[in-house]
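The structure appears below as C-alpha cells.
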Protein chains: 2
Amino acid sequence: MRLISLEDIKKIIPGIDLFPIIKEGFVAYSSGNAVVPPVGEMTFDNPQGDVHIKYGYIKDDKYFVVKIASGFYGDSDKGIIPTQGGMMLLFDKSTGKELAALVDECYLTNIRTAVAGGICAEILAPEKINCIGVIGTGVQARMQVLFLSEIIECRKLKVWGRNKKNLSKYKNDISMKGWDVEIVNSTDDIAESCNLIITATPSKVALLKLDKIKPGTHITALGSDSIGKQELEPEILDRADLIIADSISQCIERGEIAHALKNKLIGIDDIIELGEVIHSNKDFRCRNNQVTVADLTGVAVQDIQIAKAVYKAYKELKNEI
Amino acid sequence: MRLISLEDIKKIIPGIDLFPIIKEGFVAYSSGNAVVPPVGEMTFDNPQGDVHIKYGYIKDDKYFVVKIASGFYGDSDKGIIPTQGGMMLLFDKSTGKELAALVDECYLTNIRTAVAGGICAEILAPEKINCIGVIGTGVQARMQVLFLSEIIECRKLKVWGRNKKNLSKYKNDISMKGWDVEIVNSTDDIAESCNLIITATPSKVALLKLDKIKPGTHITALGSDSIGKQELEPEILDRADLIIADSISQCIERGEIAHALKNKLIGIDDIIELGEVIHSNKDFRCRNNQVTVADLTGVAVQDIQIAKAVYKAYKELKNEI
C-alpha cells in the first residue's frame, strides 16, 4: 500500500484540473452511476467534534474509496485550537486490495468542498456581483474565496464571524491575496449588501434571515454537514426560486434542506440535484429578482474523484504508470 | 501516522492475551459504555464481494477506531481465488489526529472473530463434546478450530463444504494440527453427530435444518454478517433454549436472528447480548436437552479492542512508550 503524505498531496494538487473531475463525479452520482451508501458519522462531546465516513464507488471504475474526515472545533476560551484530521483510502474494486492511503488530514476534503462551492458559483452566481458575503472565518471561509478568485472578477468582500481575533486574521490574510475585505458586525449587513453569500460555520442556529435577503442573491450554504447544524432560516428556502442539493438523499436528513423539509416549507420536488444541473447544461443563473440556494453536505463522489486523481498523479510523479 | 504492516501484526498477536480484551469490549458494548454507529456496508457483484466499515469508541478511551474489511469470494470455476483486504485505523479521540494504520488485510478481523467464537464455546459449549461440526472450509472454518484447541479437549471434527478440493485441503491442514478430521457429504450428518457446530460460510440459504439437530447442541453461526446471508433454518432459533447475539441492534437487520425475527419465530426479548452473558458470570452452558445458538455478526468493539492492543504492543516493541 502506498502512503501518500500531505506534503506530497500539496505538491500534486496544483497540477490537477479539479473542476471537471468533481463535476464528472456529481454527474455520475445524479445519473445513478455511483454507489454511495449513507454517510457514517460519529460525534464527540468533550471536546466537541465530529467524524464523517464517506465511501463508495463509480460503477465502471477500478476503485472504491473510503474517506474519514474529522473536525474538532476547539475552545478559544481555553486556548484549544480547532483541528482537522483524516485520510482517503483507495482500494481495488475487484479484489478489495488496499492501494493507497492519502493521509490528507482533511486537506482534500477541504479542497473538494471548495471546488463544489466554486462549481455552484460558476453556474448560479448573478452575472454582476456587487460584493461577496462570507459567514465564518475558518478553513472553508478562506478556501471558498480562493477558488472564487478563479471564477469571478469581484474582489469586494464582507465577512462576519463570532471571534474578533479570527476576523482580524481573516481580513489580514484575505486582503493579502488582493481582496478588499470589510469586517461587519451582523449577518444582516451581509444579507443587505451582498448578492453572493457563502455560509461556512458549524452553527446550530440560523445565522441568515429571510427578511434581509435581497432579490437577486445566490447563497451557497456548506457548513451544515451534520444533523442538527443550521445556518439559514428555513424560510429562505421557501422563498428561493431554485434549491440545489449536492445529494438529495443526504439533504433529507442533514443540511439546510432538512430543516425546511421538516418545517414543511418545501417538498422534495422543489429540489434539484447538482449533478443534474451540471449535466443539463441549462442556464440556471440567479436573475434580478430571484433567490437561489445551493446546499452542500459533501458527497462521497467528490472524495472518490479527488482521491483517484491524486493517486494517478502520484504514480506518474514516481514514474510508476 | 504509524503504518503497521501485516508482518509486524503477525509478530505482535501471539504476545497479546486476546480473550480478556475482547470480553471487555463486549461488556463495554452491552453496558452502554461504547459508541458504535450502524455498520457501513457495500456489496459488489462482478466479481462478488462485500466491504464492511465498522467504527466507534469506548467512552473513557483515548482513541476512536475505523475498520475496513473486505471479502471477495472468488470463482473456483474461473480459477479466481478468494481474497480478503482491509485495515484498522486508530485516531486520537480528542483531536481526530490519525495515529496508526494497521494494514492487517483482514487478519485482525479474522482473529477477533475467531476469539468471539472461542468465547462463545468457552461459555456455551456442552460439558462433554462428542464431535465438532464445521460448515465451511475458509479462513474462519480454520481459525475457529485453532482457537477452540485452546479451550476444549475434543479433537474429533466433521467438516462439510461445497468444493471437494477445498475440503481435501482443509482435512489435510487441520489433521496436521492434531485433529481427527472426517469429510461428510451432508450437513445433516454434522447435525446428527456433532454437539458443537460452527457455521462459517457466506451462504444465502439455510444449510442446517432443525429436524436433524440433536438436543444438547450448541451452534455458533458467524457466516451471515451481511443482510441476506443465512446459514441456519430460522426454526432452529425458535427451538433454541438460548439465543445469544453479539449485538442485538445489528442482529435485528443481519445474521440468523434477523431471519427468525422476520418470520416472527422469535421476539427481541428472546435474545441476550454476549456482553451481558459475559458480565453476568452465570452458567449458561448448553445442557443435555437444550439447544443454544450464538449469532455473531462482528461488532466494532472487537476491532477497537484488538487495534488498541496491537498499537500498544507495537509502541512497546519500538520502545516508544
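The values are calculated or read from the model by the stated rules, or taken from the named source; none is laboratory data. Not measured: the values here are computed from a predicted model. Note: ideal-geometry Cβ built from the backbone for every residue, glycine included; neighbour counts use all protein chains shown.
Matching residues to (1) buried (at least 24 other Cβ atoms within 10 Å of the Cβ); (2) of a type in the set (A, V, I, L, M, F, W, C); (3) assigned to a loop (DSSP other than H, G, I, E, B); (4) assigned by TED's automatic domain parsing to the domain that holds residue B:31:
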{"residue": "B:260", "(1), (2), (3), (4)": "yes, yes, no, no"}
{"residue": "B:264", "(1), (2), (3), (4)": "no, no, yes, no"}
{"residue": "B:269", "(1), (2), (3), (4)": "no, no, no, no"}
{"residue": "B:276", "(1), (2), (3), (4)": "no, no, no, no"}
{"residue": "B:279", "(1), (2), (3), (4)": "no, no, no, no"}
{"residue": "B:288", "(1), (2), (3), (4)": "no, no, yes, no"}
{"residue": "B:309", "(1), (2), (3), (4)": "no, yes, no, yes"}
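Across the stretch A:90-144, which residue is farthest from residue A:172 (Cα to Cα) among those that are within 12 Å of chain B (Cβ to nearest Cβ) and assigned to a strand (DSSP E or B)?
The residue in question is A:92.
Filter the stretch A:78-97 down to residues that are of a type in the set (Gly, Ala, Ser) and either modelled with pLDDT of 95 or more or buried (at least 22 other Cβ atoms within 10 Å of the Cβ) (or both), then give me how many there are.
Quick first cut of the stretch A:78-97, residues of a type in the set (Gly, Ala, Ser) only: A:79, A:85-86, A:94, A:96.
Applying the additional criterion that residues be either modelled with pLDDT of 95 or more or buried (at least 22 other Cβ atoms within 10 Å of the Cβ) (or both) yields A:85-86, A:96.
Adding up the residues that qualify gives 3.
Could you please give the count of residues in the stretch B:178-192 that are of a type in the set (Val, Ile, Thr) and buried (at least 20 other Cβ atoms within 10 Å of the Cβ)? I'd like the intermediate steps shown before the answer.
First, the residues of the stretch B:178-192 that are of a type in the set (Val, Ile, Thr): B:181, B:183-184, B:187, B:190.
When the remaining residues are screened for being buried (at least 20 other Cβ atoms within 10 Å of the Cβ), the result is B:181, B:187, B:190.
Final tally of qualifying residues: 3.
Does residue B:172 satisfy the criteria of being modelled with pLDDT under 95 and part of a helix (DSSP H, G or I)? Talk me through it step by step, then tell me what you get.
On the way: modelled with pLDDT under 95: no; part of a helix (DSSP H, G or I): yes.
For residue B:172, the condition - modelled with pLDDT under 95 and part of a helix (DSSP H, G or I) - is not met.
Looking at A:100, A:121, A:34, which one is modelled with pLDDT of 95 or more, assigned by TED's automatic domain parsing to the domain that holds residue A:10 and out of contact with any Gly (no Cβ under 8 Å at 6 or more places or on another chain)? So that I can check it myself, show each step before the final result.
Details: A:121 fails: assigned by TED's automatic domain parsing to the domain that holds residue A:10; A:34 fails: out of contact with any Gly (no Cβ under 8 Å at 6 or more places or on another chain).
Exactly one of A:100, A:121, A:34 is modelled with pLDDT of 95 or more, assigned by TED's automatic domain parsing to the domain that holds residue A:10 and out of contact with any Gly (no Cβ under 8 Å at 6 or more places or on another chain), namely A:100.
Considering only the stretch B:273-294, I want to know if a residue exists there that is free of Cβ contacts under 8 Å to residues at least 12 places away in the same chain, charged (D, E, K, R) and closer than 30 Å to residue B:90 by Cα.
For the stretch B:273-294, residues free of Cβ contacts under 8 Å to residues at least 12 places away in the same chain, charged (D, E, K, R) and closer than 30 Å to residue B:90 by Cα: absent.
Table: residues versus (1) in contact with a helix residue (DSSP H, G or I) (Cβ under 6 Å, 6 or more places away or on another chain); (2) touching a residue at least 40 places away in the same chain (Cβ under 8 Å).
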residue: A:58; (1), (2): yes, yes
residue: A:70; (1), (2): no, no
residue: A:74; (1), (2): no, no
residue: A:83; (1), (2): no, no
residue: A:93; (1), (2): no, no
residue: A:110; (1), (2): yes, no
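Would you mind stating whether residue A:243 is more than 16 Å from residue A:129 (Cα to Cα), at pLDDT below 95 and β-branched (Val, Ile, Thr)?
no
State all residues of the stretch A:175-193 that are part of a helix (DSSP H, G or I) and closer than 22 Å to residue A:215 by Cβ; if no residue qualifies, say none.
Residues satisfying the conditions are A:187, A:188, A:189, A:190, A:191, A:192, A:193.
Consider residue A:24 carefully, then state whether it is without any contact (Cβ under 8 Å) to a residue 12 or more places away in the chain and outside any loop (DSSP other than H, G, I, E, B).
Answer is no for this residue.
Go through the stretch B:1-37 and count every residue that is in contact with a Phe, Trp or Tyr (Cβ under 8 Å, 6 or more places away or on another chain), among the basic types (Lys, Arg) and away from every other protein chain (no Cβ under 14 Å).
Of the residues in that region, 1 qualify.
Counting just the residues of the stretch B:54-89 that are among the aromatic types (Phe, Trp, Tyr) and at the interface with chain A (Cβ under 8 Å from one of its Cβ atoms), which one comes out nearest to residue B:201 (Cα to Cα)?
B:72
Out of (1) touching a residue at least 12 places away in the same chain (Cβ under 8 Å); (2) under 23 Å from residue A:62 (Cβ atoms), what's the single condition that is false for residue B:79?
(1)
Looking at (1) among the β-branched types (Val, Ile, Thr); (2) assigned to a loop (DSSP other than H, G, I, E, B); (3) crowded, with 22+ Cβ neighbours inside 10 Å, can you tell me which one residue A:227 breaks?
(3)
Would it be correct to say that residue B:40 is under 26 Å from residue A:49 (Cβ atoms) and more than 10 Å from every other protein chain (Cβ to nearest Cβ)?
When the stated conditions are applied, residue B:40 does not pass them.
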